[in-house]
Amino acid sequence: MLQARTFALYVAMMTLVVIASNILVQYPLPGSIAGMQLGDLLTWGAFSYPIAFLVTDLTNRQFGPAIARRVVVAGFVVAIGFSIFLATPRIAIASGSAFLLGQFLDISVFNRLRRQSWWRAPLIGSLVGSALDTAIFFSFAFAPFFVFFGPNDGFALENAPILGLMSAEAPRWISWALGDLGVKILVGLVMLLPYGALMSVIKPMPGLKASA
């Protein structure tokens, strides 16, 4: 019974993170830094989404990869549902695919490293998962090659200075992806603090193996 309640709690937290991120992604950051308009690169959703990796890692630590995947699938269903109502079909495909594959990669990496230093599994897992998530989402959503998912976004494909600062130019979606990944890396580092603080409370189930 306790395990069922704990599992439900993880599912609820993942659902909350996904819902919050789908809402916050609609609001660009205000202001600018060194002449770079933050709203052209980031939304508030970039800060809330990496919390999903913390939820996944805590689930994986306590229950192992099989249960962690179930929590991710629950979040995936919510992500697809909200994306259908809040975005175009192409964005929905990109969002759902990126979330599912990025989280599954995090679970796999975490499980391989769970016996090493306490910070290695959550940090490396979230970083590689975030990198895959960013690559899949922005490629599926904006790269011309994936036009079969939906019409291309002309504004996203226009060349502009990389990150709004460099002399070299690239399609705008490249800068969006770089900005998004930078924030995910930063938040991933910050998420080590609550993960470390919860280690003494959330402990692996007896007999849990790294290869499970």
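The values are calculated or read from the model by the stated rules, or taken from the named source; none is laboratory data. Nothing here was measured: the structure is a model prediction, and the numbers come from that model. The accessibility values were calculated without ligands, DNA or RNA, using every heavy atom of the protein model including side chains. Shrake-Rupley method; radii C 1.70, N 1.55, O 1.52, S 1.80 Å.
So here's what we get for this one:
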quantity: For region 1-160, accessible area per residue (1.4 Å probe, heavy atoms of protein chains only), Å²; calculated: 48 Å²
quantity: Tensor-based shape of region 50-191 (alpha-carbon gyration tensor, a/c under 1.5 rounded, otherwise prolate or oblate); calculated: oblate
quantity: Percent carbon-and-sulfur accessible area, the chain, ignoring ligands, DNA and RNA, probe 1.4 Å; calculated: 72 percent
quantity: Degrees, to the nearest 10: 120-142 long Cα axis against longest axis of the chain; calculated: 40 degrees
quantity: Solvent-accessible surface (1.4 angstrom probe) belonging to Asp180, in square angstrom, nearest 10; calculated: 20 Å²
quantity: Heavy-atom accessible area order for Ser117, Ser130, Ser200, largest first, 1.4 Å probe; calculated: Ser200, Ser117, Ser130
quantity: Cα centroid separation, region 47-95 to region 111-139 (Å); calculated: 14 Å
quantity: Prolate/oblate/rounded call for region 130-189, Cα gyration tensor, a/c under 1.5 rounded; calculated: oblate
quantity: Nearest-ten-degree value, helix 65-86 long axis tilted from longest Cα axis of the chain; calculated: 30 degrees
quantity: Tilt relative to the chain, helix 51-63 - C-alpha long axis, 0 to 90 degrees, to 10; calculated: 20 degrees
quantity: Accessible area in the full protein assembly, largest first, 1.4 Å probe, for Arg115, Arg90, Arg172; calculated: Arg115, Arg172, Arg90
quantity: Trp176 accessible area, assembled protein chains, probe 1.4 Å, Å²; calculated: 40 Å²
quantity: Accessible-area value, Lys184, 1.4 Å probe, nucleic acids and ligands omitted, Å²; calculated: 10 Å²
quantity: Contour excess over end-to-end distance, with Cα ends at Ala12 and Met166 and 0.36 nm allotted per residue; calculated: 51.3 nm
